[in-house]
Amino acid sequence: MSKPVAFLSSSVGRKMLMALSGLFLCSFLLVHLYINLFLFKQDNGAEFEMYGHFMATYPLVRPLEIVLFAGFLLHAFIGIWLWIMNRRARPVRYKVSKAGENSTLSSRIMWATGTIVGIFLVIHINGFFVQSRFITPGRPMYEIVREAFMNPWLDAFYIIALGFLAYHLKHGFQSAFQTFGLRHSRHERLIEFVGMLFWLLVPLGFAAMPLYFLWAY
């Protein structure tokens, strides 16, 4: 077995892949949020549709979509694998559990928040990407988004799911820096501050969209 394969097969290697794939997905969230913010522009979705048309027709976007999808699968697979390995490492639970003394709540429920976020992504992709690309191609994405978010039940589901996404990002963003050994005492506060901005503002930005369409229409 070669050294790179052996490293990636190790616990440390899997954690580094988990961190890299997580940071890659974080960068996608920023791009996705940036484009979606044009939904708030008072132009009846004209500029949002311009970006949507570009993403649907530009040839280089297809390979990026494949890479993105592979990144989601890799992140989910490694997360499940690490959870299984942790369970196997301690098959018998302690009689007295003091998890709160050794870890944060966000880290202890990482598997649960990741599962809920995964379900949310499947519903989100089916409701928007699949609808616009395969079921009703040519229909303006702005209309699909507006129609979907006029449903209060769907809005409630989105907001709850985004709350779980925030919790998932809260632990994942900071643990990625710890995995790479970048969480030194002199950088601790800066990393926590940037992480807080990310896990708080990004989900809030996405949550504002269903509320906007529910109230505006």
Output the number of residues of region 182-217 satisfying the condition of being surrounded by fewer than 13 Cβ atoms within 10 Å (Cβ to Cβ) and more than 30 Å from Asn44 (Cβ to Cβ). 10
Being within 22 Å of the chain's Cα centre (by Cα) and loosely packed, with under 13 Cβ neighbours inside 10 Å is the filter here; which residues of region 134-155 pass it? Trp153
Under 9 Å between Cβ atoms, at least 6 apart or on separate chains: pull out the pairs that start in region 41-70 with a residue that is free of Cβ contacts under 8 Å to residues at least 12 places away in the same chain and end on any residue that is in a helix (DSSP H, G or I) and charged (D, E, K, R). Lys41/Glu47
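No lab work stands behind these numbers, since they all come straight from the coordinates. The shown structure was predicted, so the numbers you read here are calculated from the model rather than taken from an experiment. Note that each Cβ is placed from the backbone with ideal geometry, even for glycine, and that neighbours are counted across all protein chains shown.
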